[in-house]
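No lab work stands behind these numbers, since they all come straight from the coordinates. Here the structure is a predicted model, which is why all the values come from computation and not from measurement. Because the Cβ atoms are built from the backbone with ideal geometry, glycine has one as well, and the counts that use them run over all protein chains shown.
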Amino acid sequence: DALDRIQALEPKIHSFLHITADYALEQARQVDAKIAAGEEIGMLAGIPIGIKDNMCTQGIPTTCASRILENFVPPYESTVTQKLKDAGAVMVGKTNLDEFAMGSSCETSAYQQTANPWDLSRVPGGSSGGSATAVAASECVVALGSDTGGSIRLPASFCGIVGMKPTYGLVSRYGLVAYASSLDQIGPFGRSVEDAAILLNAIAGYDPNDSTSLKLEIPDYTKSLQPDLKSKGLKIGIIKETFGEGLDPVIAQTVQNAIDQLKSLGAEVQEISCPRFRYGLPAYYIIAPSEASANLARYDGVKYGFRTPEAENLLEMYKKTRAAGFGAEVKRRIMLGTYALSAGYYDAYYLKAQKVRTLIKQDFEQAFEKVDVLVCPTAPTPAFKAGEKISDPLTMYLSDLMTIPVNLSGLPGMSIPCGFDDQGLPIGMQLIGKVLGEEQVFQVAYAYE
Ligand code: GLN
């Protein structure tokens, strides 16, 4: 059914860079065989899933939507996709993204433009746009995305589904192509909070292959799914600063209504100030490009991926390979990062940004002395028109204003649908938890849903 649906919808939506039909049918047959033999099946047995094309899948192309990895077929499997295989999930394809996960609209993909299923002339959000549209349009049941500055939560909000970025270190990054390693985290998309909880159960956990992976017992997140918030005495804080200038009034109103509903479910709600929240965006655009400039140095045409055939010597080969292999946004990030890390500017930019990062973290720590979960809009606007922001990077970057501080602080964040604007476009509400506060986030999300 999922493959039929993909065939019918892909000409309009373009969620997938590679559709893995044969592979999916083989995985499904294996599940069938296990059932027939009376063997135990995994928690995701037979569930069609989409995987963002920046997670390595052995023997299946992994391009990061970049020309430089056009012919790259990983010789190994990422930890998350291995866990999904073990749980019996059926991968139907690799989904479109902004090139190397750099973008907020899926428009920097070197291969195709993904359309928002709610209005095909609009973007799905990015960078995990293809995963979000595949779930929103029922091309698969759940999907994985990665979130460095909002790349799961923003497309979830633009496409009217649930998307979660877990606490940094909860899910292994082994086999996730690195963008900004201190911020990257893999997480689930689902059409319901329960689906997201089940998928997180399947992928969370310690992995010796990722040195930043946390060594701890993983709770069963579906146990947090309770119908109301009364019994727990849950305290919710509204981040005051996110309701200021630049926020679409329809979003302000819709999220406010959702907060009223949380009150009626028994939550204690108060306003909270995070005064340094707004410095997250500028700090991020120093830190993320700096890490990216180092991480992307490996694409030199020597080890793997694309190599220009037109070079006379090694230096020329490097230059021409990178000039032809990377798109404009990726080049912009490499230049920004290289500049910020250069000897004369390191203290003024990179070091300063790291200090700001600490201050933002402190704002959150103080907030979480008073409340259990923080609430704010996921994005300042609903899905915008394709082409509207692509030539203006600064405007595009503003889409992540409210999601970025969460990555800088390593916290769990989730976007859940909370209504529609007057044109019928979905609006997302962001729930932010303490470090490893996933359970409380799920609790609030499920009670609200
Ligand atoms: N839009 C942000 C960026 O371009 C975030 C992307 C992401 O989370 N991967 O960096």
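Values for this structure:
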| quantity | calculated |
| --- | --- |
| Candidates Ala21, Ala134, Ala311, ranked by Gaussian network fluctuation over the chain, Cα under 10 Å, top entry | Ala311 |
| Length released on extending from Glu26 to Glu245, taking residue separation times 0.36 nm less the Cα-Cα span | 73.6 nm |
| Pairwise centroid distance, computed over Cα atoms, of the stretch 286-301 with the stretch 382-413, Å | 20 |
| Distant-in-sequence amide H partners of Ser172 (H built 1.01 Å from N, under 5 Å) | Gly205 |
| Sum of -39500 (n - 2.57) over DSSP H runs of 4+, divided by residues of the chain (222 nm, nearest 500) | -11000 deg cm²/dmol |
| Three-way shape call for the stretch 329-425 based on the alpha-carbon gyration tensor, with the a/c threshold at 1.5 | oblate |
| Two-decimal Rg to Rh for the stretch 125-178 - Kirkwood Rh, Cα set | 0.96 |
| Percent RCO, i.e. relative contact order, over the chain, from Cα pairs under 8 Å lying at least 6 residues apart | 19 |
| Dimensions in Å of the chain - Rg and Dmax from alpha carbons | 20.9, 72 |
| Three-way shape label, the stretch 241-284, alpha-carbon gyration tensor, a/c 1.5 | oblate |
| Percentage relative contact order, the stretch 207-354, counting C-alpha pairs under 8 Å, at least six apart | 22 |
| Sites Glu70 and Lys232, calculated FRET efficiency, Cβ-Cβ separation with R0 41 Å, nearest 0.05 | 0.25 |
| Sequence-distant residues sharing a close amide H with Met429 (under 5 Å, placed H) | Thr378, Ile416, Cys418 |
| Distance from the stretch 12-59 to the stretch 359-373 (C-alpha centre basis), Å | 40 |
| Leu17 long-range amide H proximity, modeled H, under 5 Å | Lys94, Thr95, Asn96 |
| Global form of the stretch 2-224, assessed from the alpha-carbon gyration tensor, a/c cut-off 1.5 | rounded |
| Residue of Phe243, Phe100, Phe189 that the Gaussian network model of the chain assigns the largest fluctuation, springs spanning Cα pairs under 10 Å | Phe243 |
| Ascending count of other beta-carbon atoms within 10 Å, so fewest first, for Ser290, Ser131 | Ser290, Ser131 |
| Spin-label model distance (nm) - Arg5 vs Ala324, 7 Å beyond Cα toward Cβ | 4.1 |
| Sites matching GluC sites (Glu not before Pro) across the stretch 179-257 that sit in DSSP coil, with at most 10 neighbouring C-beta atoms within 10 Å | Glu217, Glu245 |
| Sorted by Cβ density within 10 Å, fewest first, the residues Thr108, Thr338 | Thr338, Thr108 |
| Fluctuation leader among Leu170, Leu229, Leu408 - the chain, Gaussian network, Cα springs under 10 angstrom | Leu229 |
| Phi-based couplings in Hz for the stretch 152-162 (Karplus 6.51, -1.76, 1.60; Gly and Pro marked x) | 9, 5, 5, x, 4, 5, 5, 9, x, 10, 9 |
| Phi to ³J(HN,Hα) by Karplus 6.51 cos²θ - 1.76 cosθ + 1.60 over the stretch 389-405, Hz, x for Gly, Pro | 10, 5, 8, 10, x, 5, 5, 4, 4, 5, 4, 9, 3, 9, 9, 4, x |
| Efficiency of FRET between Gln270 and Leu314 - r from beta-carbon atoms, R0 56 angstrom, step 0.05 | 0.35 |
| Proxy reagent accessibility, fewest Cβ within 10 Å first, across Thr242, Thr148, Thr114 | Thr242, Thr148, Thr114 |
| Förster radius 30 Å - calculated FRET efficiency between Ala36 and Asp86 (Cβ-Cβ, nearest 0.05) | 0.95 |
